[in-house]
Amino acid sequence: MVDDYQPAQTHALDRDCTTLSRHVLQQLQSFGPEAQDLSALMSRIALAGKLIARRLSRSGLVEDALGFTGRTNVQGEEVKKMDVFANDVFISVFQQSGLVCRLASEEMEKPYYIPENCPIGRYTLLYDPIDGSSNVDINLNVGSIFAIRRQTGEDLDQAASDLLQNGHEQLAAGYILYGPTTVLVYSLGRGVHSFTLDPSLGEFILAAENIRMPEHGPNYSVNEGNFWQWEESIRDYIRYVHRHEGYSLRYSGALVGDFHRILMQGGVFLYPGTVKKPEGKLRLLYESAPLAFLMEQAGGRASTGTERLLDVVPGELHQRTPLIIGSSEDVELVESFIQERIREQTDLVAPGR
Ligand code: AHG
Ligand code: MN
Ligand code: MN
């Protein structure tokens, strides 16, 4: 009898049906308009990830995929062809979507408006289209980072001042890691979840739910080539690590890959400021803040060294911040070295205080 039919509910079939868009709706426990919006937004981001993964997988075989464009971006960095391709992919997937009024990325000096989506699409997408682009030409891992924020102002004049808010304002954040498999990790502020792209289905399938960080881990991830450019406090921390057993240095030069290892295994990633560039290299709105959002959701910690990273209010769209992120005990240890130096300097200026 048809009425009595019960699906066999095989484990494999159920797993394959836990797609990203279904997961978003489950997370929000709603089919309301905001839940539908976020589900559709995540599906578009996933489509961007699939298009970029496809391009990367053929990059040695097709024309004009690798190498530099000859241009520099607003950060003064040389732009690669893959940066431009991936930047355009995100714009393209949100055209005529009714979802996003504005996109802001590392590769564009000002936000890109999609007027036909405004004011219906009251969201902004912030993104780093290709993170770790120095890895592209040597066939190593790269990623994309994204955050979704609500568009609060009526600002359509490209000033985007309503974006200059702290990281708690992120509705969702995540990244896509283009490695041996393509992995998407995201959070809506209700835990951190990872998905693996099944190319035969063209779907991201749930891999791990509610990922939790250990309080301490063995990995430290930092560009030690900058050792003599750092403040003494960071050198003190690295000397501490060198003198203690149980640490492994792991650094790929692509934040998404290095962050993913820390999230999966524990430890700490650092991109501190240098004496000449105290703000460091990484950009707050589309690199550090999205990853800080994920890290806190997984029970870890993210800091500038002196401030909780999610509390930082940027002064401009492309603002940089130092980033210390990972297992809570490991981040606290780095902070303790920074605090120690600050205390010493204060004592030097005002002894006995
Ligand atoms: P992007 O490719 O988006 O400009 O980002 C590069 C970043 C980040 O991925 C990585 O952690 C860092 O630059 C590496 O910098 P160093 O080469 O100075 O170590
Ligand atoms: Mn980057
Ligand atoms: Mn980039």
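The values are calculated or read from the model by the stated rules, or taken from the named source; none is laboratory data. Computed from a predicted model, the values in this text were never measured in an experiment. We place every Cβ from the backbone using ideal geometry, glycine too, and count neighbours over all the protein chains shown.
Consider only pairs whose beta carbons are under 7 Å apart and that are at least six residues apart or on different chains; among these, list those whose first residue lies in the range 124-142 and is modelled with pLDDT under 95 and near ligand 3 (Cβ under 9 Å from one of its atoms) and whose second residue is outside any strand (DSSP E or B) and of a type outside the set (F, W, Y). Pairs that qualify, where the first residue is modelled with pLDDT under 95 and near ligand 3 (Cβ under 9 Å from one of its atoms) and the partner is outside any strand (DSSP E or B) and of a type outside the set (F, W, Y), are S133/M82; S133/D83. Filtered by the rule that a residue be on the phi < 0 side of the Ramachandran plot and over 20 Å from the mean Cα position of the chain (by Cα), the range 28-53 gives L28, S30, F31, G32, P33, E34, A35, Q36, D37.
Only one of the numbered conditions (1) out of contact with any Pro (no Cβ under 7 Å at 6 or more places or on another chain); (2) within 16 Å of ligand 1 (Cβ to nearest atom) is violated by T306, and that is (2). Residues of the range 127-154 that are part of a strand (DSSP E or B) and within 16 Å of ligand 2 (Cβ to nearest atom): Y127, D128, P129, I130, D131, V142, G143, S144, I145, F146, A147. Per the listing K276, K281, the residue uniquely of a type in the set (K, R), away from ligand 1 (no atom under 12 Å from the Cβ) and assigned by TED's automatic domain parsing to the domain that holds P314 is K276.
Within the range 98-126, restricting attention to residues that are part of a loop (DSSP other than H, G, I, E, B), crowded, with 18+ Cβ neighbours inside 10 Å and not β-branched (V, I, T), the residue that is nearest to ligand 1 (Cβ to nearest atom) is E106.
Applying the criterion of being charged (D, E, K, R) and within 13 Å of ligand 3 (Cβ to nearest atom) to the residues of the range 65-80, the residue that is surrounded by the most Cβ atoms within 10 Å (Cβ to Cβ) is K80. Among the candidates E224, E231, the residue that is at pLDDT 95 or above and farther than 22 Å from G132 by Cβ is uniquely E231.
From the list F85, F68, F31, the one residue that fits, being in the same structural domain as V192 (by TED's automatic domain parsing), among the aromatic types (F, W, Y) and either over 30 Å from D137 (Cβ atoms) or at pLDDT below 80 (or both), is F31.
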